[in-house]
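Notes for the one structure printed next.
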Amino acid sequence: MLERLRALLAGVAEREEEAAVAGAKVIVGLGNPGREYDNTRHNAGWWLLDVLAQRWGVPKFRAEKNQAVATTRVEPFQVRLIKPLTYMNRSGSVLVPLKRMGALDLGKDLLVLVDDVALEPGRVRFRPSGSAGGHNGLKSIEQALGTKDYPRLRIGVGTKPPGADLADWVLSSMPRGDRKLVDERLPELAEAVETWMRDGIEVVMDRYNR
C-alpha cells in the first residue's frame, strides 16, 4: 500500500513538473559548484545567470537534486534558470528528465550559456547548433539530448596561451581587466537573452554577434 502511494505521488510530481516546463524558456548556465570556482573562466555561464536572476527579481536559486533552479515569469513566458551542480563533465544530466518528458522544444525553448576559450573577453557568439569544440559541458549536454541542435551562447573568456594546459586555463581566475570586459557585457547579454525569448535565435544572432 505504501509503495503504491509513493508511486502515485511520484506520478503526480512528474506531471506537475511537466506542466511547469511545457512551453517555458529553459536557460542553462554551465559552471562548477563551490566557492573556489566562482570566479574561474569555466563559470561564465553562471555569471550571466546571476545577472538574469537579478534583472528579473528572482530572490535566489534553490537546490533540487543535481541542480540549482530559479523560476520566474518574464511576460509572456515562464522561465526556468538552471545551474547544474554535477560539475562540468556531467552537466547534461539536468536535461535528461526534461527530454524524457518531451516537454522541451530544443530549437526554441532551450538556451545554454557557456564559456569559450576561442573568443577574447567581451566577445560573444549566439549559435543555433554546433559541435562541443572540446568543451566537456557541451559534450555532456549533447550526449544527454542526443543532438547538437540546440541554441547556445558562447561567452569569450580569453584564448589559451600556447603550451598552457586547457584544464588549468579554464579553472583559473581571469585578470581584473579581462573580467571587467566580460562583466561590462553582461547587462547587454541579458537584453539579448530576452530578445532570444521573444524573437528566436536567428534574430539575436543578427543583432548581437559582432
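The values are calculated or read from the model by the stated rules, or taken from the named source; none is laboratory data. For clarity, every value in this text was computed on a predicted model and none was experimentally measured. Backbone-built Cβ (ideal geometry, glycine too); neighbour counts: all protein chains shown. Accessible surface is based on the protein model in full, side chains and every heavy atom, while ligands, DNA and RNA are left aside. Shrake-Rupley method; radii C 1.70, N 1.55, O 1.52, S 1.80 Å.
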Checking residue 98 against (1) touching a residue at least 24 places away in the same chain (Cβ under 8 Å); (2) open to solvent by 10 Å² or more (accessible area, probe 1.4 Å), the condition it does not meet: (2)
Lone unmet requirement of (1) more than 18 Å from residue 119 (Cβ to Cβ); (2) in contact (Cβ under 8 Å) with a residue 24 or more places away in the chain; (3) outside any loop (DSSP other than H, G, I, E, B); (4) open to solvent by less than 60 Å² (accessible area, probe 1.4 Å) for residue 143: (4)
Looking only at segment 147-175, and only at residues there that are of a type in the set (Gly, Ala, Ser) and part of a strand (DSSP E or B), the one that is nearest to residue 207 (Cα to Cα): 156
Matching residues, segment 184-210, being within 17 Å of the chain's Cα centre (by Cα) and surrounded by fewer than 15 Cβ atoms within 10 Å (Cβ to Cβ): 187, 188, 191, 200
Residue list for segment 162-180, restricted to those being over 18 Å from the mean Cα position of the chain (by Cα), surrounded by fewer than 18 Cβ atoms within 10 Å (Cβ to Cβ) and among the aliphatic types (A, V, I, L, M): 164, 166, 167
